[in-house]
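Engineer: Sharing a structure, written as structure tokens. Questions coming.
Quick note: the coordinates plus some simple rules give every number you see, no bench work behind them. Computed from a predicted structure; not experimentally measured. Cβ coordinates were reconstructed from backbone atoms using ideal geometry, including for glycine residues, and neighbour counts include every protein chain displayed.
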Amino acid sequence: MTPRLEPLEPPQEFLEDAASFAITFDPGDTDRMGLYLALLLETNRKFNLTAITDPADAWRKHIFDSLTLLPWIGATAAKRVIDLGSGGGLPGIPLAISMPGVQFVLVEATGKKATFLEQAVAELGLSNVRIINDRAETLGQDLDTHRRRYDVVTARAVGRLTVLVELAVPLLRVGGHLLAIKGSSATGEIKQAKRAMHLLHCHLSNTVKTPTGTVVVIEKLRESPKVYPRRPGEPKRSPL
Ligand code: SAH
């Protein structure tokens with residue numbers, strides 16, 4: 001299918017940010033990322049997917065910010081990654097464009113957003129991405145397909161770390177990693193998540209400041225107790 005929209009051009013600052021982070025692109029990668037941003041900003045005029053509407057800002061705060069997880073996914077030789085609360089596709093879609101050999105599952109509870117993700121993935125021709133319109137809590141208790149099946153969970157702006165740990169860790173294999181993109185609240189959220197990390201049998205293995213945020217890396221040490229995640233809505237309503 002011929003794309004309806006023209007890809008947005010990557011600004012020089014984005015290319016410099018990426019180079020300073022040792023991120024390299026295959027031919028066509030930045031074109032696909034630019035087409036993704038064009039789709040995101042176009043659809044955003046119809047319903048809210050992002051507060052960021054300036055293209056240069058979007059390259060930095062959406063694409064570059066997502067790509068700050070690349071070194072971590074690369075380092076663990078991950079084959080299966082799940083992005084929780086993907087919203088308009090962040091960080092999942094930019095990562096999937098950069099890592100065509102890795103399988104990505106994007107989970108989004110809101111139907112309208114999941115439909116946008118389906119359309120974007122089709123238009124971008126991303127054969128390594130699957131969209132699931134469901135809640136992380138439900139997948140976390142799905143023993144046949146999802147629980148314990150992932151090498152990496154990614155998430156940006158999906159609740160406080162206490163809540164995220166309960167949603168994410170049951171989906172990981174033992175030794176797998178949760179990569180959370182956080183802002184200036186990272187240190188406080190980590191302190192607050194101590195009990196959740198203990199209950200879910202995981203530990204903080206790294207916190208890394210990047211030009212756009214803080215990456216929090218949490219490693220699963222042993223199997224998660226069966227009771228987690230609790231039923232949909234409960235992790236947020238009554239955080240551990
Ligand atoms: N990650 C995106 C979107 C953040 S907004 C970004 O950084 O731009 C948070 C999104 O998570 C919303 O779209 C919301 O619908 C979704 N969400 C929140 N809790 C969820 C859950 N338990 N399961 C699945 N999706 C969830």
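Engineer: Which angle between 0 and 90 degrees, to the nearest 10, do you get for helix 111-124 versus the longest principal axis of the chain when only C-alpha atoms count?
Structural biologist: In the chain, helix 111-124 runs at an angle near 50 degrees to the longest axis.
Engineer: Roughly speaking, what is the stretch gain from Gln12 to Arg130, that is 0.36 nm per residue apart minus the C-alpha to C-alpha distance, in nm to one decimal?
Structural biologist: 39.3 nm
Engineer: What's the extension gain from Ser205 to Thr110 if we count 0.36 nm per residue and subtract their Cα-Cα distance?
Structural biologist: 31.1 nm
Engineer: Give me the percent of DSSP beta bridges within the chain that run antiparallel, rounded to the nearest 5.
Structural biologist: Numbers: 13 of 31 bridges.
That works out to approximately 40 percent antiparallel.
Engineer: Residue by residue, what Karplus-based ³J(HN,Hα) values in Hz, rounded to whole numbers, does the range 32-47 have, using 6.51, -1.76 and 1.60 with θ = phi - 60° and x for Gly and Pro?
Structural biologist: Whole-Hz 3J(HN,Hα) from phi for the range 32-47: 5, 5, x, 5, 4, 4, 4, 5, 4, 6, 5, 5, 4, 6, 8, 8.
Engineer: OK, next. Report the FRET efficiency, 1/(1 + (r/R0)^6), for Asp29 and Leu143, where r is their Cβ-Cβ distance and R0 is 41 Å, rounded to 0.05.
Structural biologist: After rounding to 0.05, the efficiency reads 0.70.
Engineer: Apply the Karplus parameterisation 6.51 cos²θ - 1.76 cosθ + 1.60, with θ equal to phi minus 60°, to every residue of the range 95-105 and state each ³J(HN,Hα) to the nearest whole Hz, in sequence, with x for glycine and proline.
Structural biologist: Taking θ as phi minus 60°, the curve returns 5, 5, 5, 6, 10, x, x, 9, 8, 10, 10 Hz for the range 95-105.
Engineer: Just order 110-122, 30-42 by mean Cβ neighbour count inside 10 Å, highest at the front, would you? Write down the numbers at each step before the final one.
Structural biologist: Details: 110-122: 17.2, 30-42: 21.4.
Output ranking for 110-122, 30-42: 30-42, 110-122.
Engineer: Would you work out which of Pro91, Thr212, Met197 lies farthest towards the positive end of the dipole of the range 66-237, given +1 charges on the beta-carbon of Lys and Arg and -1 on that of Asp and Glu, about the Cα centre?
Structural biologist: So the residue we want is Met197.
Engineer: Report the residue, chosen from Gly88, Gly140, Gly183, that carries the largest GNM mean-square fluctuation when the chain is represented by alpha-carbon nodes joined by springs under 10 Å.
Structural biologist: Gly183
Engineer: Another one. Amide H neighbours of Thr154 under 5 Å, at least 5 residues apart or on other chains, H built in the peptide plane: list them.
Structural biologist: The list, which skips near neighbours in sequence, is Ile82, Asp83, Leu84, Leu179.
Engineer: Sticking with this structure for a sec: Tell me, what ³J(HN,Hα) does each residue in the range 153-169 have, in order and in whole Hz, if you take phi through Karplus 6.51 cos²θ - 1.76 cosθ + 1.60 with θ = phi - 60° and put x for Gly and Pro?
Structural biologist: The phi angles translate into 10, 10, 6, 10, 6, 10, x, 5, 4, 3, 6, 4, 4, 5, 6, 8, 4 Hz.
Engineer: Determine, for each peptide in 100-106, 53-59, the mean count of other beta carbons within 10 angstrom over its residues, then list the peptides with the highest first.
Structural biologist: 100-106, 53-59
Engineer: With a cut-off of 8 Å between alpha carbons and a minimum separation of six or more residues, what is the relative contact order of the chain in percent?
Structural biologist: 16 percent
Engineer: Treating each Cα of the range 82-162 as an identical point scatterer and ignoring solvent, apply the Debye formula and state log10 I(q)/I(0) at q = 0.18 Å⁻¹.
Structural biologist: Computed log10 I(q)/I(0) values: -0.70.
Engineer: So, one more: Suppose the Debye formula is applied to equal point scatterers at every Cα of the chain; what is log10 I(q)/I(0) at q = 0.08, 0.13, 0.14 Å⁻¹?
Structural biologist: Scattering profile of the chain, log10 relative to I(0): -0.27, -0.74, -0.86.
Engineer: Above 12 angstrom, tally the Cα pairs of the range 151-202 and express them as a % of all pairs, no decimals.
Structural biologist: 60 percent
Engineer: Between Glu118 and Arg80, what is 0.36 nm times their sequence separation minus the Cα-Cα distance? Round to one decimal in nm.
Structural biologist: 11.8 nm
Engineer: Taking the alpha-carbon distance from Lys112 and a cut-off under 24 Å, which lysines remain once sequence neighbours fewer than 8 residues away in the same chain are dropped?
Structural biologist: Candidates past the 8-residue exclusion: Lys46, Lys61, Lys236.
Engineer: Assuming a viscosity of 1.306 mPa s and a temperature of 10 °C, what translational diffusion coefficient in µm² per second does Stokes-Einstein assign to the range 8-144, Rh being the Kirkwood radius over Cα pairs?
Structural biologist: Values: Rh = 15.2 Å.
In µm²/s, the coefficient rounds to 104.
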